[in-house]
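Quick notes on the structure that follows.
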Amino acid sequence: MKRKYYFGFLLFLYSLPNLYARLGGGGGRSSRSSSRSSGSSWSSSGHSYSSHSSGGGGSSSISPVVIIIFIVICIVVYFYLKKKFPSMFGNTLTDNNQNFVDEYTDVPLPDGLDKKKLTFAFREMQKAWQNKDLKNVRKWMSDGMYQRLHTQISIMNTLSQRNELSNLRIENIRVADLRKDNGYDVTDIEFIFSVRDKFISEIYPKFNEDYDEENIVEYWTLIRKQNVESKDLYTSNNCPNCGDVLSDDLGEISRCSSCGTLVNNAAYDWILCEITQEDDYEGEQDVLLDQNFLSLFTHDKEFAVQKMEDIASNIFMQIMEVFSGGKIDKLDKFSDENTLSQLISIKNSYNGIIFNRLYTNFVTLDDYSVEGNIIDLKFKISATYSEVKLANNTIQKVNELETQEFYMTLSRNKDAVLPLEISYSHECPNCAAPYDDTTLDKCSYCGSPFVDKSKNWVLTHFE
Ligand SMILES: [Zn+2]
Ligand SMILES: [Zn+2]
């Protein structure tokens, strides 16, 4: 019976790509006890999604050979997983996850967070997302989180799409994980909520979706520097450093215009850096238990795995934006030469493709290595999107919504420490001057090269 369940799970995964457009890159396959109003079930929406491919109507029928190959793959995967993770088969996957979370049932919310603040933040995010205006939430959001939402919004604008959310009800908020990450505290907060979710495109209504979802489970990852007192970035609109009123136009760089501090700073309050759907959520990172790894960063109090994943997520979104029509000169602010020319050739191969409904499911530090003086951090990224093309005021679908994995490596000298806090890929690592629209490879203020492993992380591999 368990085995049957698991096959069902795999089939479900394969046959129904993530369709849900939840904030920050939803992608929930299904929720623990999700129920949908009739007419907008997974299968019907999945069907409508996949049956309107432009030009290739009949291409979605699956041949028996493919089904047989698929079943063989399922059997192999099943036995592999059973051998590798026997504990997983004592429960269903969801139950397993549940047991893990239950360790934290009685753990109170960490200092500086309470239900009122989290409820406020959650509602503000939903509002910002559906209004496609991040100004009210920017100050307590990491740069990677901002880049992610910003890129999604700009793609939605290109395709005249919007995401209307209504009837939001938060059922529960609790701690799912608490961990130390070098000089930082990191927590995952579990939200269980219900929402009516309508995804609307005026110029291509065939993309439209309408869900009424209950008991959606989502994890928010927040980070704060250890042993600081929160200054409340959430309900106050004043700079946490100088007290001046913050301007509305904090964008990629969230510096206070009066004192120049980076406002979205984990030294001031809990900063939201990731939103993960239940199916992609794994909790604590193994690398944080690896003493050899941690010893590499004892000299760098600004280092945190969570912050690195944020940088990786930021870079990934910028790359995807460049692939789907953005300007190349973003990339030379963080890529080494080889990677840059490789990225440019990938961009050329995309030729006019736009990534519809692009969202990352997770960005995780998967592995690391040290060679000579260089530390390589290897990230695994899972992203879901479909490829479309704009032509004559219509959208042509090039392929279906699919989940893809990407790998990137960020490298830095072992003994490197950033001289000051900067907004990664937007400010000079030496003097923090913002990058102007320059094609130079050096800062126009201090003359330091943008890409320099002795100061900051450099993208050295992407696939
Ligand atoms: Zn200030
Ligand atoms: Zn500079």
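Please note which strands (runs of 3 or more DSSP E) are completely contained in segment 371-463 and include at least 3 residues that are of a type in the set (A, V, I, L, M) and modelled with pLDDT of 85 or more.
Qualifying strands (runs of 3 or more DSSP E): 374-391.
Being open to solvent by less than 70 Å² (accessible area, probe 1.4 Å) and of a type in the set (S, T, N, Q) is the filter here; which residues of segment 366-402 pass it?
Ser369, Ser382, Thr384, Ser386, Thr394, Asn399 - these are the residues of segment 366-402 that are open to solvent by less than 70 Å² (accessible area, probe 1.4 Å) and of a type in the set (S, T, N, Q).
What about Lys135, is it closer than 27 Å to Ser425 by Cα, touching a residue at least 24 places away in the same chain (Cβ under 8 Å) and either out of contact with any strand residue (DSSP E or B) (no Cβ under 8 Å at 6 or more places or on another chain) or in a strand (DSSP E or B) (or both)?
On the way: closer than 27 Å to Ser425 by Cα: yes; touching a residue at least 24 places away in the same chain (Cβ under 8 Å): yes; either out of contact with any strand residue (DSSP E or B) (no Cβ under 8 Å at 6 or more places or on another chain) or in a strand (DSSP E or B) (or both): yes.
Spelling it out, Lys135 is indeed closer than 27 Å to Ser425 by Cα, touching a residue at least 24 places away in the same chain (Cβ under 8 Å) and either out of contact with any strand residue (DSSP E or B) (no Cβ under 8 Å at 6 or more places or on another chain) or in a strand (DSSP E or B) (or both).
Can you run down the residue pairs with Cβ atoms below 6 Å, 6 or more apart or on separate chains, where the first is in segment 400-428 and at positive phi and the partner is within 16 Å of ligand 2 (Cβ to nearest atom) and aromatic (Phe, Trp, Tyr)?
Ser425/Phe334
Take the residues of segment 174-223 that are hydrophobic (A, V, I, L, M, F, W, C) and surrounded by fewer than 18 Cβ atoms within 10 Å (Cβ to Cβ): which is farthest from Glu164 (Cα to Cα)?
Ranking the candidates gives Leu178 first.
For Ile203, indicate whether it is at pLDDT 90 or above and away from ligand 2 (no atom under 16 Å from the Cβ).
For Ile203, the condition - at pLDDT 90 or above and away from ligand 2 (no atom under 16 Å from the Cβ) - is not met.
Which residue out of Ile271, Ile253 is on the phi < 0 side of the Ramachandran plot, modelled with pLDDT of 90 or more and β-branched (Val, Ile, Thr)?
Of the residues listed, the single one that is on the phi < 0 side of the Ramachandran plot, modelled with pLDDT of 90 or more and β-branched (Val, Ile, Thr) is Ile271.
Would you tally the residues in segment 400-449 being more than 16 Å from ligand 1 (Cβ to nearest atom) and under 22 Å from the mean Cα position of the chain (by Cα)?
Selection size over segment 400-449: 17.
Quick one: which residue in Arg224, Arg255 is over 18 Å from the mean Cα position of the chain (by Cα) and within 16 Å of ligand 2 (Cβ to nearest atom)?
So the residue among Arg224, Arg255 that is over 18 Å from the mean Cα position of the chain (by Cα) and within 16 Å of ligand 2 (Cβ to nearest atom) is Arg255.
Can you find, within segment 227-252, the residue that is nearest to ligand 2 (Cβ to nearest atom) among those that are crowded, with 16+ Cβ neighbours inside 10 Å and within 25 Å of Cys428 (Cα to Cα)?
Among those residues, the one meeting the criterion is Glu252.
Here is a check on your reading of the model: is Val370 aliphatic (A, V, I, L, M), touching a residue at least 24 places away in the same chain (Cβ under 8 Å) and out of contact with any Ser or Thr (no Cβ under 6 Å at 6 or more places or on another chain)? Working first, answer last.
Working: aliphatic (A, V, I, L, M): yes; touching a residue at least 24 places away in the same chain (Cβ under 8 Å): yes; out of contact with any Ser or Thr (no Cβ under 6 Å at 6 or more places or on another chain): yes.
Considered against the rule, which asks whether it is aliphatic (A, V, I, L, M), touching a residue at least 24 places away in the same chain (Cβ under 8 Å) and out of contact with any Ser or Thr (no Cβ under 6 Å at 6 or more places or on another chain), Val370 comes out as yes.
Across segment 196-255, what is the number of residues that are part of a loop (DSSP other than H, G, I, E, B) and either within 16 Å of ligand 1 (Cβ to nearest atom) or of a type in the set (D, E, K, R) (or both)?
Filtering segment 196-255 for residues part of a loop (DSSP other than H, G, I, E, B) gives 202-204, 208, 226-237, 239-244, 246-254.
This time we only want the ones that are either within 16 Å of ligand 1 (Cβ to nearest atom) or of a type in the set (D, E, K, R) (or both), so: 202, 229, 231-233, 236-237, 239-244, 246-250, 252-254.
Residues in segment 196-255 being part of a loop (DSSP other than H, G, I, E, B) and either within 16 Å of ligand 1 (Cβ to nearest atom) or of a type in the set (D, E, K, R) (or both): 21 in total.
Which condition does Tyr268 not pass, out of (1) within 16 Å of ligand 1 (Cβ to nearest atom); (2) surrounded by fewer than 16 Cβ atoms within 10 Å (Cβ to Cβ), if it passes all the others?
Tyr268 satisfies all of (1) within 16 Å of ligand 1 (Cβ to nearest atom); (2) surrounded by fewer than 16 Cβ atoms within 10 Å (Cβ to Cβ) except (2).
The values are calculated or read from the model by the stated rules, or taken from the named source; none is laboratory data. Fair warning: this is a prediction, and the values are worked out from it, not measured in the lab. A quick note on method: Cβ atoms are made from the backbone with ideal geometry, for glycine too, and the neighbour counts reach across all protein chains shown. Protein only, heavy atoms only, side chains kept; ligands, DNA and RNA dropped before computing areas. Shrake-Rupley method; radii C 1.70, N 1.55, O 1.52, S 1.80 Å.
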